[in-house]
1. If packing is taken as the average number of other Cβ atoms within 10 Å across a peptide's residues, how do 348-355, 93-100 rank, most packed first?
2. Relative to the longest principal Cα axis of the chain, at what angle does helix 351-360 sit, 0 to 90 degrees, rounded to 10?
3. For segment 282-326 and segment 148-200, what is the separation of their C-alpha centers, rounded to whole Å?
4. Determine the per residue accessible area of the chain with all protein chains present and a 1.4 angstrom probe, expressed in square angstrom.
5. Please report how far the C-alpha centroid of segment 230-244 lies from that of segment 60-98, rounded to the nearest whole angstrom.
6. Hey, what angle do you get for helix 133-146 against the long axis of the chain, alpha-carbon based, 0 to 90 degrees rounded to 10?
7. Using the Karplus equation 6.51 cos²θ - 1.76 cosθ + 1.60 (θ = phi - 60°), what ³J(HN,Hα) coupling, rounded to whole Hz, does each residue of segment 371-383 give in order, writing x for Gly and Pro?
8. Compute the Kirkwood hydrodynamic radius of segment 75-145, taking the inverse of the mean of 1/r over all pairs of distinct Cα atoms, and give it in Å to one decimal.
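The values are calculated or read from the model by the stated rules, or taken from the named source; none is laboratory data. Quick caveat: nothing in here was measured; it's all calculated off a predicted structure. Backbone-built Cβ (ideal geometry, glycine too); neighbour counts: all protein chains shown. Just so you know, the surface numbers come from the protein's heavy atoms only, side chains and all, with ligands and any DNA or RNA stripped out. Shrake-Rupley method; radii C 1.70, N 1.55, O 1.52, S 1.80 Å.
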Amino acid sequence: MSDEVRAAGATAGTADEQDGVGRGGIRLINVTKRYPGQGTPAVDDVTMTIRGGEIVVLLGPSGSGKTTMMRLINRLIEPTSGKIIVAGQDAMGLDPTELRRHIGYVIQNAGLFPHMTVATNVGLVPQMLKWDKKRIAARVDELLELVDLDPAEYRGRYPRELSGGQQQRIGVARALAADPPAMLMDEPFGALDPITRGNLQDSLLRLQDELGKTIVFVTHDIDEALKLGDRIAILDKGSRVAQYATPQEILLNPADDYVEQFLGGGQAMRLLQSSRVADVPLQHVPEARTGDDADAVRRRIEGSEIGFAIVLDERDRPVRWAHPDDLDGVTGPIGERGMDVAPPIRARATLQQALESLIQIEHEWVPVVGPRGVYRGTVTLGTLQNAIRDMKDRARRPRRPS
Ligand SMILES: Nc1ncnc2c1ncn2[C@@H]1O[C@H](COP(=O)(O)OP(=O)(O)OP(=O)(O)O)[C@@H](O)[C@H]1O
């Protein structure tokens, strides 16, 4: 543990922060799970740290022990040996209600109770925590909004009256009900068609932008792992961790032949898919606000090589581009002058999505926004070219001996 992390932990309140893994962080220490009657352990002496606020993807072939790992973390089963630290404490010592408050769980096919309405399903954990009815109802509506389902339309429905994608959204809402710092997602989108799956992946990333949870996500789909993971653990039999690194590190430097074989090919496109706009240097453009004086904005533009300014609203969201022509003859505030910006892309978008956006909307400049739509910078084809060149340079570096 670095001194910095230790120092941060010392000032923070919760036990997991004091443990140095960050809020919602999880640690597995020499964890082994041997099912009765099985010759080889499903999980064999695994040690790994899942840092708070990250999406960690467990990626491995069928039978590599991914579900077993999740069930261990959630204490649905007990380890044969080893320790799992949740909320800064040995998970075995936490009472089950405390554990549920700390970790939400989403499984394939959502696992909703068929005889309960959406509202009852979503409100299960708050009910278990004995919240009063009014608070539960308000929370259910808030969560339905969060997962893009109109509360008035959906709260009274039964699971059979929903599509697979909608059921999965309800599954996510249910897991988030008590606002747990961590969420386990076991192949949540596995049974969905590719379009619905893509939409739900995007929604999860958007949610994560706002919520910053610790998410452990199981899949055997490499592209899903690359798209979602801040870090990916590639698992072999017995959950042996073959590599635990960022998507780029894995693509550029596979740790061994197993990882290389697992990845298959097409690494160049995958780099674009797995690199986020947030991770590349953005183009900086002079900034202005509607109340700014036209002369001052003109001077700001003249002082830069860009030739125009981006106008932000009172909440720092990008709204217009202002060229000097737009300001011709204007004295005093620039007001509503200029041309509307293209729909912004989120900092969490992949470089591939940024490229598609630049091509589809025929704009040379697309603003990038972070949480709550706050302006972060601008992306151009040049931004992407530089990022790709950078990655290629890194890829040319000799591979580490395994
Ligand atoms: N309840 C159980 N009793 C006995 N063996 C089990 C049990 N659950 C899982 N196993 C075995 O443990 C190993 C790991 O299973 P697990 O379900 O964790 O793998 P997985 O990586 O999640 O697989 P999949 O991708 O197919 O869901 C497998 O060999 C499986 O047969």
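1. Packing order, densest peptide first, comes out as 348-355, 93-100.
2. Tilt of helix 351-360: around 40 degrees.
3. 41 Å
4. 48 Å²
5. 16 Å
6. Taking the Cα atoms of the chain, the angle to 133-146 is about 60 degrees.
7. After applying 6.51 cos²θ - 1.76 cosθ + 1.60, I find x, 6, x, 6, 4, 10, x, 10, 10, 10, 4, x, 4 Hz.
8. 14.1 Å
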